[in-house]
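Visitor: Questions regarding the structure given below will be posed in turn.
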Amino acid sequence: MFNRYWRIFPWGMQLLMFLLTIFTLYSFGSLVVLTLVPKVFGVSVKDLLELSTTSLPQQIRAGLTAQSISHAFSFAIPGFIFAGFTHPRLREYLGLRAPGHALHWLLVTGIVLGLMPVFLWGEAWSLQHLHFGDWAQQMQAQNDNTIAAFLKLHSAADLSFLLFALAFLPALGEEVVFRGILLRLLHRIGLRRSQASMAAGGRRTEPQMMMASPILFSALAFALIHFNPHGFVFIFIAGCVLAFIYYLTGSLLCSMWAHLIYNGTQVLVIVLASGNASAKQVADGGNLPFWYPLAGLALFAACFYFLVKKQTPLPADWSDDFRGETPPTSGPQQPPRDAS
């Protein structure tokens with residue numbers, strides 16, 4: 001198995017190895033968090049699990065470090081390791097390339113900034129009007145306490161750490177896992193079926209239609225892994241939008257940028273508004289003027305429209321692991337023809 005690239009295996013076997021890679025490294029990361037982090041920071045495991053605004057700065061920094069390690073070993077590290085074992089051209093496999101147009105960066109930024117007030121308002125409405133039981137309320141309360149504890153850190157160094165842990169790491173790791181790998185594996189299923197259908201004399205499936213199921217299922221997995229009942233619908237929509245951004249720009253860097261802008265802007269706004277109660281309430285989405293989400297929808301629609309007009313989409317066979325090559329039938333994997 002380790003003397004050849006994993007791309008020679010069927011998609012189901014690749015998916016299994018992908019999940020095993022995540023589970024193995026997540027387990028190792030959890031061991032590091034529960035053993036080394038408390039010793040290094042001189043805190044208890046309970047301090048890490050029950051952060052609140054009354055926690056000491058040392059405990060909060062330990063919790064933020066623990067979350068960073070856990071997230072890295074759950075997403076970014078297993079994602080890059082799996083991609084490296086799967087394909088000889090890692091950057092090509094993950095879509096780590098510049099978009100087709102420089103304008104895409106600006107349009108993606110507008111899409112994210114437009115959706116942000118809509119999502120904040122929607123999640124605040126859900127928290128106020130929808131009830132999923134005591135377990136959901138307790139989980140939401142613990143999550144709110146943890147985030148509130150993190151946002152107590154106001155120094156320049158702490159703010160940099162916050163942006164790294166809450167914005168950069170999720171943008172990197174989650175995009176690699178859900179858009180770079182999972183979306184690709186799901187698309188590969190449809191691609192193989194389409195190729196088989198064409199070989200049997202059937203009709204060719206349009207590239208746009210072939211993207212529908214991978215986008216929906218990868219977005220569903222993205223929403224489920226966040227385990228946020230009140231934000232589930234909006235996280236699912238965000239997953240769909242991020243997948244569309246990847247597809248329309250042909251660049252995973254653009255979906256990473258969108259993810260980074262969304263998380264990073266929220267961190268900065270809440271930190272900067274922390275000294276003003278009314279500004280903080282607006283930043284949390286609980287008291288947004290009605291025209292904020294309406295203006296956001298207008299900005300989103302305009303930027304998404306122009307992104308579609310200026311799209312440089314992924315090729316129809318983008319998930320084919322041997323695109324431009326002849327797949328080996330047996331024996332060790334041959335060196336790639338194109339090392340770029």
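Nothing in this text is a laboratory measurement; each read-out follows from the coordinates by a stated rule. What you see is a predicted model; the values in this text were computed from it and never measured. Note: ideal-geometry Cβ built from the backbone for every residue, glycine included; neighbour counts use all protein chains shown.
Visitor: Below 8 Å, C-alpha to C-alpha, sequence gap of six or more: please give me the relative contact order for the chain in percent.
Guide: Working: 397 pairs, mean separation 96.6, N = 340.
The normalised contact order for the chain reaches 28 percent.
Visitor: List, in order, the whole-Hz ³J(HN,Hα) value for each residue of segment 218-223 obtained from phi through the Karplus relation with A = 6.51, B = -1.76, C = 1.60 and θ = phi - 60°; use x for Gly and Pro.
Guide: In residue order, the calculated couplings are 5, 5, 5, 4, 4, 5 Hz.
Visitor: Could you work out the local net charge near VAL33, counting Lys and Arg as +1, Asp and Glu as -1, over the other residues with Cβ closer than 15 Å to its Cβ?
Guide: In short, +1.
Visitor: So what's the angle, to the nearest 10 degrees on a 0 to 90 scale, between helix 11-41 and the longest Cα principal axis of the chain?
Guide: The helix 11-41 is inclined about 30 degrees to the chain.
Visitor: With Cβ to Cβ distances under 13 Å as the rule, what net charge do the other residues near LEU103 carry (K, R +1; D, E -1)?
Guide: So the surrounding residues net to +2.
Visitor: Round to the nearest 10 and give me the degree value, 0 to 90, for the angle of helix 232-249's Cα axis relative to the longest principal axis of the chain.
Guide: Long axis of 232-249 versus the principal axis of the chain: about 40 degrees.
Visitor: Rounded, prolate or oblate, given the Cα gyration tensor of the chain, with a/c below 1.5 counting as rounded?
Guide: Oblate is the answer for the chain, as a/c is 1.5 or above yet b/c matches or exceeds a/b.
Visitor: Shifting gears a bit: Calculate how steeply helix 134-150 sits against the longest principal axis of the alpha-carbon atoms of the chain, using the helix alpha-carbon long axis, and give the answer as 0 to 90 degrees to the nearest 10.
Guide: 80
Visitor: Quick check on segment 1-147: take the gyration tensor over C-alpha atoms, sort the square-rooted eigenvalues as a ≥ b ≥ c, and tell me if it's rounded (a/c under 1.5), prolate or oblate. Please report the intermediate quantities before stating the final value.
Guide: Values: a/c = 1.99, a/b = 1.25, b/c = 1.60.
Oblate, because a/c is 1.5 or more while a/b does not exceed b/c.
Visitor: How much mean residue ellipticity at 222 nm does the chain get from its helices, if each DSSP H run of length 4 or more adds -39500 (n - 2.57) and you divide by all residues, to the nearest 500 deg cm²/dmol?
Guide: Details: 16 runs with 225 residues, N = 340.
Theoretical 222 nm ellipticity from helices: -21500 deg cm²/dmol.
Visitor: Mind checking segment 1-106 for chymotrypsin sites (Phe, Trp or Tyr not before Pro) that DSSP puts in a loop (not H, G, I, E or B) and that have at most 12 other Cβ atoms within 10 Å?
Guide: Sites meeting the loop and neighbour criteria: PHE2.
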